[in-house]
Structures are given as structure tokens and as C-alpha cells.
Amino acid sequence: HFCPGSGAFLPHRPSPRSPFKDSMAMEGARNAPTKQGLMLTAAGAVLAASATRSAFVQLSPQPKALSHSAQEPRLAVNEGPQTPSAGSRSERSGVLACALGASAVAAAAARRSARGSRSRGNGLAMRSTATATATKVKEDLSGKLPDCPSTIWKADGIDVGNLPPIQATAPYVIDAAKLGEALKGAEQEYFAAEQKKIMNTLHEHGAILFKNFESTKNAEGFRNFFEAMELNPCLDPIHTSGLRDMVEKKDGVYEAVNKPSLSQHFVGLHNESTFVKTAMYGAFVCFQPASEGGGEFIIADGAEIIQRMDPDVLKRIYEKKVRISVSNLDLNFIDAVPGDAKKSVMDFFQDLILKAVAPKFDMDLQMIYGSDGSNPYRLQAIEHAQSPINTHPLTGQPVWFCNIHNHSRYLRDRRPCAIPEVGMTDVYYGDLTKIPPEDVEKINKACEESIKTIMMEPGDVILLDNYRVLHGRRTFKGKRN
């Protein structure tokens, strides 16, 4: 659960019962998985699971130049964009169970040619090819997933005082119940045939909610969906940490955030990424809502967030940049070391812990003492300074690309939080000075005003642009299977 530039830190490889692992396992690549949910990550994204059982795979699409010509295929299946109602909940939608399938800008040409011929003029799949894709025996992906792609940073020279307008926002809704003759019960054929139009719509709106589809109610159908979207699985950005269990290795499926110990933890808005690795897209699927309610999925358009933010606060944080602390180790025993030897001991443990952590987390971390001012012997794992605003690598739209809404200690202390002190996070300015509470409040206000709350039903899928749209989940009660 880390925004670009945030990460997770472990002083050691935790045991299955470690409270630190529980805390860090909660929010995928910024949220690690748990035993009751599945997460899929795609070579373009890592998905954080929300309120119900989910599957998470990393996926990577075929590289294509994004154009906005008048001839570009567009979806016209509803009024889109729409905000699904969060005020009421049907008997089946107590909570959001998500699975994430994400895709990077990496190439998928080899797989594309293997799947059969396509009409290159309009990008629509031949129906015979789609049928073969849906029925053929799936390749076992165990041990074959490529690494998550590198984060694409284009953060310099953004004129935050003159931001371009937003033409459309998330989510766009594709409702199977409204497709009629366009669907005819052949859902996988529909996904394959409409792939180009769906991806164009995703780039325009930032996220698409697929509702009332039957074929995506299980892991196999979900894999058929993201393969029809030409998204190839890749590894979790922090797969070397061991924080996520890959429970369905043959499909590249990771667990999501469903542990009872974290059910009352509010997962704030975040992108599925670290400072050095980021998934391009994410796909979350609901398999079964939480049995006693809650766990709504939340999304927010990063382009909308910066439009809503106080101009002075936005300018200040962009110019100062941010640094994210992802762990705290209180080495209070150092206080008993004689004065002359104290600095040597501090340097020794600082170097030792960094060397132990570096192979586990490719996050460009520094180990720094006393940054939060609470304890001179508190050793914090902190990422290097980074911009909270990025330029979208495909569309060029400036977007909020920081999960301060999720990682701010000030905000976590004021809402449901189940993270132990060792895993408590915080966000500072780039020079490690505190961000004033009044600025944090205004950033939080812009984020909260941009949130769309979605109560997902079994089979519902949210496909999102991970560079543009942030996501999270509300607290829940009960079990999610």
C-alpha cells in the first residue's frame, strides 16, 4: 500500500503471526494480501484487495500509442460516467471483495500473435479467436511471471497554477443488464471484441465499472476477462518481501486484504506502486461481499484531486516534494551504550538493517534516526524525496500521484487504524520537515471530495488506470470468502 515513492519496510522476514506482517499485509503493493482474499497484479499494476475475496495479478498490455482521433472506437452502452449508489446495499453486496489484475506498458505482441488473427483496422477481436481464448487450456504461470515495470516519472516542469481541464472522470459504467443484443450471453466474446474501445474509454475516464456480468464470478472467469483485455500477468512490485502470498500460482493470483485483524482498518487512497515500480492498470473483482456489511470500494481521480486542492497548498507541496516513512524501529537499548561508543553502535545497526532490507524491498529507502521527533533512537525507513504530482505517461494529464491520504500519521490517528507502531507510516516534506496539519487537512478535503464510493456485487469488476485513479476501502464486518 504505497504511493509512488512510498514503500514497505521489514526489519526481518516476519513469521506468519507477526503483527508487523499483519500491518504491512493489508494494502497491496501498498496493500499486502491476506488469507481470505485474492489479489491479481498486472505488469502495469498491483491490486489491493478490499472487502471481499479477490484475486490479484500483475498484467502487461501490448504497447500502443494513445491517440484521440475522431475515428477512435468509443463505447456507447450507457450514459457513463456514473457513480454507483453506495447508500443502499442488496442482500449480496455487503462489502467489496476485490481482485486486482493490472497491466503495464510492457509488450504483449508475442501473446497477441499466438491468440490468432485480428482486424487491425478497428482493433476488434475475431469472435472465433475470442472463443478459442476462453476455452483453451490455460498456461500454468507458476514461476513464469515477469517483474513489475519501472515507475514512469514525468514530474518536472508541471504548471500547477494552470492545470488543463478534465474532459471526463471515473467511473464509466458498463452494465451487462443494459447491453442487450450486444452481449447475447457471450461475455468473453464481448470483452475480446470490444477490447480496443474499452481501453480507449479507460484512458478517457480513468476507471470502468463492469456490472452484472456472470462470467467474472470466479477466478477462471476473471482471468478470461483480463486476457481478453490483452493484459499479461507480472509480479507484485514488492514480491521479494514475502508480504503477499501467491495462492493461485497457475493464474498469478495474490491474496487480498481480508484478515479479520484488519477489517476495522480504513484503507486510504493509494496507487498500486512503489517509487521504483508501478503497475499501469488494475482490475478488481468481487467474488463474495463481507457477510456483515461494509468494505465499500473507494476510488478518486488524481486529475480531479489536484483541481480541487487549495492552490497554495498544491504549489507548496509540489515545490517541497514529499518523503514517506514506512516503518519505525525503536532501538532504545542504544541509550545504555557508553557515550563514546553510542554513535558507532547507531551507525552499525543503521547499516546492518539497511543491508537486510534492501534485497527485500526495491524501494530506494534510507534508514534515518529520529525523523518524527518522538525518539532519537527510532530508526525509520524513509523513501527519497519525490513529487506528489506526476504527468500521466500516456495522456500527459497532470495527476495526484501520492498516497498521503493513506499514509499520513495525522490522518491515521483520526480514523479507524489497526496498524501497530512498528508499521505506522507518515509523510514529510522532501527536507523531512513536518507538513503542517492545516495543509494535511486541505489535502484530505480535496481527496475526500473526489471519492466515489462503490458497493460491488459478486462478479463486478473495476478496471482502473493505476497512474490516474487512486483506490482504497472502508471498514467492514464479517467474513469474506
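The values are calculated or read from the model by the stated rules, or taken from the named source; none is laboratory data. Keep in mind that this is a model prediction, so the values were computed, not measured. Ideal geometry is used to build each Cβ from the backbone, glycine not excepted, and the neighbour counts take in all protein chains shown. Accessible surface areas use protein heavy atoms only, side chains included; no ligands, DNA or RNA. Shrake-Rupley method; radii C 1.70, N 1.55, O 1.52, S 1.80 Å.
Below, the figures for the structure above:
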read-out: Table column - 3J(HN,Hα) (Hz), the range 172-189, Karplus curve with 6.51, -1.76, 1.60, x for Gly and Pro; value: 8, 10, 10, 9, 4, 5, 9, 7, x, 5, 5, 10, 6, x, 9, 5, 5, 5
read-out: Tensor-based shape of the range 311-359 (alpha-carbon gyration tensor, a/c under 1.5 rounded, otherwise prolate or oblate); value: prolate
read-out: Rounded to the nearest 10 Å², the accessible area of residue 153 at probe 1.4 Å; value: 70 Å²
read-out: The range 345-481, accessible surface, carbon-and-sulfur percent (1.4 angstrom probe); value: 54 percent
read-out: Long-range amide H partners of residue 175 with built H, under 5 Å; value: 211
read-out: Prolate/oblate/rounded call for the range 367-481, Cα gyration tensor, a/c under 1.5 rounded; value: oblate
read-out: Straight-distance crosslink candidates among lysines, where the alpha carbon sits under 26 Å from residue 342 and sequence neighbours closer than 8 are dropped; value: 355
read-out: ³J(HN,Hα), Karplus 6.51/-1.76/1.60, whole Hz, each residue of the range 276-293, x for Gly, Pro; value: 10, 9, 8, 7, 7, 10, x, 10, 10, 10, 9, 9, 7, x, 4, 5, 10, x
read-out: Candidates per GluC sites (Glu not before Pro) in the range 175-235, loop by DSSP, up to 13 other Cβ within 10 Å; value: 214
read-out: Long-range amide H partners of residue 287 with built H, under 5 Å; value: 53, 97, 459
read-out: Where the range 197-354 is the region considered: accessible area per residue in Å², 1.4 Å probe; value: 32 Å²
read-out: Under 5 Å, built H, 5+ apart or other chain: amide partners of residue 281; value: 44, 45, 103, 104, 466
read-out: Heavy-atom accessible area ranking, 1.4 Å probe, most first, across 407, 239; value: 239, 407
read-out: Proximal lysines to residue 442, defined as alpha-carbon separation beneath 27 angstrom and excluding residues fewer than eight positions away on the same chain; value: 154, 315, 320, 321, 434, 452
read-out: Under the Karplus curve 6.51 cos²θ - 1.76 cosθ + 1.60, θ = phi - 60°, whole-Hz ³J(HN,Hα) for the range 199-207, x wherever Gly or Pro sits; value: 5, 4, 5, 4, 5, 6, 9, x, 7
read-out: Cross-link reach list, lysines versus residue 138, counting only Cα pairs under 22 Å and skipping chain neighbours closer than eight places; value: 217, 249, 250
read-out: Overall form of the range 436-481 per C-alpha gyration tensor (a/c, 1.5; a/b vs b/c); value: oblate
